[in-house]
1. So how strong a dipole does the chain carry about its Cα centre when Lys and Arg Cβ are +1 and Asp and Glu Cβ are -1, to the nearest 20 debye?
2. So what are the ³J(HN,Hα) numbers for the range 87-92, from phi and the Karplus equation (6.51, -1.76, 1.60; θ = phi - 60°), rounded to whole Hz, Gly and Pro as x?
3. Please give, to one decimal in nm, the separation of the simple spin-label points placed at Glu28 and Glu87, each 7 Å out from Cα toward the Cβ.
4. Which residue, Val79, Pro45, Gln24, has the largest displacement toward the positive end of the dipole of the chain when charges sit on each Cβ (Lys, Arg +1; Asp, Glu -1)?
5. State whether the range 30-111 is rounded, prolate or oblate according to the following rule on the C-alpha gyration tensor (a ≥ b ≥ c being the square roots of its eigenvalues): a/c under 1.5 gives rounded; otherwise a/b larger than b/c gives prolate, and the remaining case gives oblate.
6. So what's the net charge close to Lys107: Lys and Arg +1, Asp and Glu -1, counting the other residues with Cβ under 9 Å from its Cβ?
7. Hey, what did the range 3-110 get for relative contact order, percent, Cα under 8 Å, at least 6 apart?
Amino acid sequence: MDINEFIKEWLSKSNNYETEKYLQLWQEKAVLDDPSVGQIFKGHPGIRNYFENYFIGYKTQSRLLKLDILSDNEAHIEVEFTGEFPEGKIRGTFDFTFKDGKINKAKAALK
């Protein structure tokens with residue numbers, strides 16, 4: 001798996017609000033923990049909820065600032081979010097664990 005290319009694709013699907021294609025990048029039972037919104041999102045239904053509320057709902061665009069590939073199945077990214085939310089622009093991070101070429105676990109945080 002080429003993590004660099006995967007992250008580019010993940011950002012593209014996110015920024016183009018391609019919900020179904022975005023979900024295809026996640027394992028069916030993936031878990032996304034985002035303490036900044038106080039929730040853990042489980043499986044495709046939960047991740048769809050997260051994506052539709054916080055990305056589509058706020059017209060969020062994400063720009064990659066830094067990618068650290070930690071191992072064959074782990075990566076850390078730093079991003080800049082812009083959108084229709086109170087701050088208008090804010091930085092965040094994602095820590096990913098991959099399995100079988102898809103995201104299995106993610107932890108998000110705002111900076």
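1. The calculated dipole for the chain is roughly 200 debye.
2. 6, x, 8, 7, 9, x
3. Each label point is offset 7 Å from its Cα along the Cβ direction, giving 3.6 nm.
4. Pro45
5. Oblate, because a/c is 1.5 or more while a/b does not exceed b/c.
6. -2
7. Relative contact order of the range 3-110: 25 percent.
We did not get these values from a lab; they are worked out from the coordinates using the rules stated. What you are looking at is a predicted structure, and each value in this text was computed from that prediction instead of being measured. Reconstructed Cβ throughout: ideal geometry from the backbone, glycine too, with neighbour counts over all protein chains shown.
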